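Remarks on the structure that follows.
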Amino acid sequence: MESLGSRLRSLINGDVFDDLETRKAYSRDTSIFERIPQSVVFPKDADDVSAVVRCVHEAKERGEDVSLAGRSAGTDMTGGPLTGGVSLVFTKYMNRIGAFGDDWAESEPGVYYRDFERETLAKRGMLLPSYPASRQLCAIGGMVSNNSGGELTLGYGKTNRYIRQLEVVLSDGTQTTLRPLSPRELAAKEAQQNLEGDIYRKIHALIGAHEHEIDSAKPNVTKNSAGYALWNVIDKKQQTFDLGQLVCGSQGTLAMVTNARLGLVRLKQHRAMLVVFLSDIGILPEIVRRVLKFSPESFESYDDQTFKLAVRFIPQIIRQFGVIQMIKLGFEFIPEMLLVLTGGVPKLVLMAEFAEDTADEALRRAEEARAALDGLAVRCKIAKSETAAKKYWTIRRESFSLLRKNLRGLYASPFIDDIVVHPDDYPRFLPELNQLLAGHHLLYTIAGHIGDANFHIIPLMNLGNPIMRREILELAPKVYRLVAEYKGSITGEHNDGIIRTPYLPLMYGETMCELFAEVKKIFDPLGILNPGKKTGGTLQDIEKYMIKHE
Ligand SMILES: Cc1cc2nc3c(=O)[nH]c(=O)nc-3n(C[C@H](O)[C@H](O)[C@H](O)COP(=O)(O)OP(=O)(O)OC[C@H]3O[C@@H](n4cnc5c(N)ncnc54)[C@H](O)[C@@H]3O)c2cc1C
């Protein structure tokens with residue numbers, strides 16, 4: 001029998017590689033896992049994607065052990081794009097920005113977000129505000145498939161809010177468009193006698209039959225990428241049914257995304273930042289409560305470890321900027337260096353940024369928020385312009401990349417990297433979380449979206465050490481159980497992948513996970529699209545695919 005690679009080569013216009021060097025180049029993302037794909041395919045267009053999916057589908061029907069996974073920029077922290085099957089990589093050719101409307105733009109999945117933003121700003125003065133902290137590295141396909149969010153999510157929501165329509169390839173190779181459908185359009189889809197018709201009929205019936213379970217399983221938080229977003233499919237107010245909302249955030253397990261029409265917004269032009277230096281975590285909930293009343297556009301944070309590491313890597317940070325910026329930023333960091341030298345590093349730095357149409361208005365709001373903190377034991381500073389705020393943003397945005405690049409032998413290890421609870425639960429939740437972390441002797445940094453109560457805890461570990469790898473398997477379920485007790489989410493934006501899929505029952509319970517398995521079976525009856533993510537993943541997968549060297 002001809003190899004899968006040769007068969008694919010004869011079917012598509014794009015490239016197919018089977019050599020070990022290329023396969024190894026696509027064996028990692030930014031998670032703690034590695035898997036070498038069987039083949040790496042660079043499709044040229046949606047027809048190529050369709051041909052690959054159809055070929056894998058037919059091979060699976062004949063009993064071959066085959067599957068495929070989409071990959072955009074490969075910056076996922078969960079192992080989401082990693083596969084032992086075909087890695088379908090979009091950044092090489094499927095990187096065209098398409099049509100523009102008044103407040104939307106179309107993009108192929110392999111367009112880097114940074115290029116998309118440059119183009120939408122140039123053409124419309126607008127942008128997609130759900131960009132993640134990896135905005136310089138990630139691509140649109142991954143943002144849609146992870147339902148990414150970031151620093152502006154507090155004010156603007158996650159990627160799913162901006163999906164106008166998705167062009168997708170279903171698991172039998174059919175190409176179709178997903179968008180909000182009226183009841184009449186839905187009935188027409190349901191009448192189709194093919195996989196697409198089956199999907200519409202069965203998902204509609206599943207949601208109808210389990211409305212109560214689905215509603216009550218929804219976590220009590222502002223952001224969630226865990227499981228399948230069944231609660232987003234039907235918009236009761238608009239009377240629409242949109243499978244694009246289910247595919248968004250599904251990590252390529254339900255369909256391959258070949259084009260996305262994405263809504264854009266015009267941001268206010270002027271910003272002022274209230275920076276709060278905090279040493280007593282006990283008053284954090286009160287600070288958050290008071291600051292949120294002033295509706296910051298973003299409300300972010302980083303901890304003392306991140307602070308110290310940033311100071312240690314100042315040369316590397318400032319080297320990324322031009323010479324003049326470098327000199328300016330170098331001077332800006334002097335107070336931080338002094339704090340480290342004198343032992344006065346605050347436990348947490350909070351950054352609340354206020355956006356308005358004029359600089360005066362933005363400053364006024366930041367000052368009002370500062371005044372609201374009177375009487376609390378905090379030190380505050382106002383960064384009056386974006387230049388003054390740059391230092392804080394640099395530390396916040398660059399922390400994970402810095403850790404990945406600079407700590408020899410220690411790997412920035414995301415496995416409890418994206419938990420979310422309701423901000424009202426800080427007073428009880430945080431001490432319990434700290435107690436759990438204290439029981440494990442880990443070096444870790446915490447940065448996050450404090451306004452959404454979304455924490456990125458990134459331990460630094462030597463994965464070559466089996467004791468360290470065991471810590472991961474011991475600590476993850478403890479943290480996730482705690483999050484579940486607070487009806488939080490085990491992932492606000494990074495998604496499930498290899499690392500969290502086995503823990504979804506802790507968050508949602510068995511019944512809801514059975515519904516997720518049913519959803520997967522409806523879309524992908526043969527299980528060829530990124531198997532083991534969202535459903536069917538096991539603890540053995542975590543152990544098997546975890547990186548085992550320094
Ligand atoms: C420093 C750093 C900071 C980060 N900060 C954030 C953050 O703030 N918020 C956040 O949400 N994430 C964050 N991430 C994680 C990640 O960067 C984002 O989720 C990003 O949007 C993923 O985009 P990507 O193009 O790299 O996707 P990939 O890694 O290529 O893929 C992500 C998932 O989508 C699937 N996929 C990709 N393309 C397609 C397609 N066309 N069709 C179907 N499935 C597809 C993949 O199989 C995989 O499961 C961060 C990562 C790093 C390294």
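The values are calculated or read from the model by the stated rules, or taken from the named source; none is laboratory data. No experiment lies behind these values; they were computed from the predicted model shown. Here the Cβ positions follow ideal geometry from the backbone for every residue, glycine too, while neighbour counts run over all protein chains shown. Only protein heavy atoms, including side chains, enter the accessible area calculation; ligands, DNA and RNA are left aside. Shrake-Rupley method; radii C 1.70, N 1.55, O 1.52, S 1.80 Å.
General remarks:
- Going through (1) at pLDDT 85 or above; (2) outside any loop (DSSP other than H, G, I, E, B); (3) within 16 Å of the ligand (Cβ to nearest atom) one by one, ARG404 falls short only on (1).
- Test for THR240: is it among the hydroxyl-bearing types (Ser, Thr, Tyr) and either modelled with pLDDT under 95 or over 28 Å from MET94 (Cα atoms) (or both): yes
- Among the residues of region 123-172, those identified as in a strand (DSSP E or B), more than 8 Å from the ligand (Cβ to nearest atom) and farther than 19 Å from THR240 by Cβ are LEU127, VAL169.
- Condition met for TYR156 (open to solvent by less than 50 Å² (accessible area, probe 1.4 Å) and touching a strand residue (DSSP E or B) at 6+ places or on another chain (Cβ under 9 Å)): yes
- Annotation: of all residues in region 89-101 being within 9 Å of the ligand (Cβ to nearest atom) and assigned to a loop (DSSP other than H, G, I, E, B), the one that is most open to solvent (accessible area, probe 1.4 Å) is THR91.
- In region 220-243, residue nearest to GLN175 (Cα to Cα) [restricted to those that are of a type outside the set (A, V, I, L, M) and within 17 Å of the chain's Cα centre (by Cα)]: TYR228
- Screening ALA188 with (1) away from the ligand (no atom under 14 Å from the Cβ); (2) part of a loop (DSSP other than H, G, I, E, B) gives one miss only, at (2).
- Residue match in region 102-115 (condition: more than 15 Å from the ligand (Cβ to nearest atom), open to solvent by less than 10 Å² (accessible area, probe 1.4 Å) and of a type in the set (Gly, Ala, Ser)): yes
- TYR131, sole failed condition from (1) touching a residue at least 24 places away in the same chain (Cβ under 8 Å); (2) closer than 24 Å to ALA255 by Cβ: (1)
- Meeting the requirement of 2 or more residues that are within 16 Å of the ligand (Cβ to nearest atom), in contact with a helix residue (DSSP H, G or I) (Cβ under 8 Å, 6 or more places away or on another chain) and open to solvent by 10 Å² or more (accessible area, probe 1.4 Å), the helices (runs of 4 or more DSSP H) wholly within region 448-545 are 539-545.
- Subset of region 521-537 [under 21 Å from the mean Cα position of the chain (by Cα) and not hydrophobic (A, V, I, L, M, F, W, C)]: ASN530, PRO531, GLY532, LYS533, LYS534, THR535, GLY536, GLY537
- Filtering region 264-306 to residues that are within 27 Å of MET126 (Cβ to Cβ) and part of a strand (DSSP E or B) leaves VAL265, HIS270, ARG271, ALA272, MET273, LEU274, SER298, PHE299, GLU300.
- Residues of region 71-88 satisfying the condition of being more than 7 Å from the ligand (Cβ to nearest atom) and in contact with a Ser or Thr (Cβ under 9 Å, 6 or more places away or on another chain): THR78, GLY79, LEU82, THR83, GLY84, GLY85, VAL86, SER87
- In region 483-506, the residues that are closer than 19 Å to LEU539 by Cβ and of a type in the set (Ser, Thr, Tyr) form Cβ pairs under 7 Å with partners that are more than 16 Å from the ligand (Cβ to nearest atom) and open to solvent by less than 30 Å² (accessible area, probe 1.4 Å), at six or more places apart or across chains, as follows: TYR503/ALA476; TYR503/PRO477; TYR503/TYR480.
- Any chance LEU254 is within 16 Å of the ligand (Cβ to nearest atom), touching a residue at least 24 places away in the same chain (Cβ under 8 Å), part of a loop (DSSP other than H, G, I, E, B) and open to solvent by less than 40 Å² (accessible area, probe 1.4 Å): yes
- Checking each residue of region 350-373 against the condition of being modelled with pLDDT under 90 and open to solvent by 10 Å² or more (accessible area, probe 1.4 Å) gives no match.
- Selected residue (only one of LYS381, LYS347 is at pLDDT 70 or above, open to solvent by 40 Å² or more (accessible area, probe 1.4 Å) and touching a helix residue (DSSP H, G or I) at 6+ places or on another chain (Cβ under 6 Å)): LYS347
- Which numbered condition SER31 misses (of (1) over 28 Å from LEU539 (Cα atoms); (2) modelled with pLDDT of 95 or more): (1)
- Of everything in region 408-429 that is open to solvent by 20 Å² or more (accessible area, probe 1.4 Å) and either among the aliphatic types (A, V, I, L, M) or over 26 Å from VAL483 (Cα atoms) (or both), the residue that is nearest to the ligand (Cβ to nearest atom) is LEU410.
- Positions within region 12-41 being in contact with a Ser or Thr (Cβ under 8 Å, 6 or more places away or on another chain), charged (D, E, K, R) and either within 13 Å of the ligand (Cβ to nearest atom) or more than 17 Å from PRO414 (Cα to Cα) (or both), in sequence order: ASP18, ARG23, ASP29, ARG35
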